[in-house]
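The values are calculated or read from the model by the stated rules, or taken from the named source; none is laboratory data. Quick caveat: nothing in here was measured; it's all calculated off a predicted structure. Methodologically, a virtual Cβ is constructed for each residue, glycine included, from the backbone with ideal geometry; neighbour enumeration extends over all protein chains shown. Note: areas computed on protein heavy atoms with side chains; ligands, DNA, RNA excluded. Shrake-Rupley method; radii C 1.70, N 1.55, O 1.52, S 1.80 Å.
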Amino acid sequence: MMNTSAVAKLLGVSPSTIQRWVKQANLQMERTELGHYQFSEESIEILKDIKEQLNKGVLLQDLKVKGRKHRKATIPSVKPDMAMDKLMKRMEDFENRLNRKADEVVSYQILQHRREIEELQTEVTRLKEVITSMEEAAAQQEQLAKEENQPSLTPISSLRKFRKRNMISSFFGF
């Protein structure tokens, strides 16, 4: 019996390569209490054969192990028509539900915008009325001022003298 390191030295490969070959070839190996592989003469011969096949260019998946049949990957057969039809039907249902939801959202948004536009139109109408009433009030006051033809209470020249006097008195404290 030999351990993994000894077999790796014998074959001229790394111990991890030996472990990979054992797993890939699905070899039933004896193990120690610690879980390390123990190789018999027969298993060493199988590993030598694996090395020769790999050197010849055979892929690791396509290895032929003595006493075993060649492994081939099998894909479970599925009735494509039924599975595809079921999938297509589910996709169509999903698309229909999605379109319905999108239409509902757009309709809701349109109604919201319509309400907002109506509120804005009402506010614009109210503001027009306020502006019109203010213009009418201003026109009436202007008309009253023309009719009364009131001169201003203090002429502009007396306002200037008053401002100068106030400024001078503020400096000197009068």
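Cα centroid distance between the stretch 84-100 and the stretch 1-40, in Å?
Taking the Cα centre of the stretch 1-40 as reference, the centre of the stretch 84-100 is 54 Å away.
Can you give the accessible area per residue of the stretch 1-41, in Å², using a 1.4 Å probe?
That works out to 66 Å² per residue.
Label His113 and Ser16 with points 7 Å out from Cα along Cα→Cβ: what is the distance between them in nm?
6.2 nm
Take Asp49, Asp103, Asp93 and sort them by solvent-accessible surface of the protein heavy atoms, 1.4 Å probe, largest at the top. Display every interim value, and only then the final one.
Numbers: Asp49 35, Asp103 100, Asp93 70 Å².
The residues order as Asp103, Asp93, Asp49, largest area first.
Quick one: pull the percent of accessible area on the stretch 1-57 belonging to carbon and sulfur, 1.4 Å probe, ligands and nucleic acids left out.
Summing carbon and sulfur atoms, their accessible area is 45 percent of the total for the stretch 1-57.
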